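Encoded as structure tokens, the structure appears first; notes follow it.
No lab work stands behind these numbers, since they all come straight from the coordinates. Model, not experiment: these values are computed from the prediction. Neighbour counts are summed over all protein chains in view; Cβ atoms, including those assigned to glycine, are modelled from backbone coordinates with ideal geometry.
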């Protein structure tokens, strides 16, 4: 069996150094197992809940939690736990925000 991957769940890992100034370098998940943040295809129910709870325990005290969450929301990250939000949390937020959209002012008729 191969060695588990141990790095931050980033899509841009290759250029990071501890003093790069990039927020990824300061993430609490930097040395955590990637599998904690991303579910296997067949994971369901209590197993998913336990894994997500473990990931959230790593996220909550993270010094870059807000930057991580903002990144995931900005790019529409569909998978994994990012910035203390699960896949389901991000989907719910996106649906809620879509429901709150207001018409553009230029399209609103005034009497």
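Quick rundown of the values:
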| quantity | calculated |
| --- | --- |
| For peptides 89-96, 61-68, sequence by mean Cβ density within 10 Å, most packed first | 61-68, 89-96 |
| Inter-label distance for residue 44 and residue 96, nm, one decimal - labels placed 7 Å from Cα along Cα-to-Cβ | 2.7 nm |
| Compactness relative to 2.2 N^0.38 Å, alpha carbon Rg of the stretch 23-107 | 1.25 |
| Additional length obtainable on full extension of the chain from residue 25 to residue 75, 0.36 nm per residue less Cα span | 16.1 nm |
| Protection-proxy order for peptides 69-82, 31-44, each taking the mean of Cβ atoms within 10 Å per residue, highest first | 69-82, 31-44 |
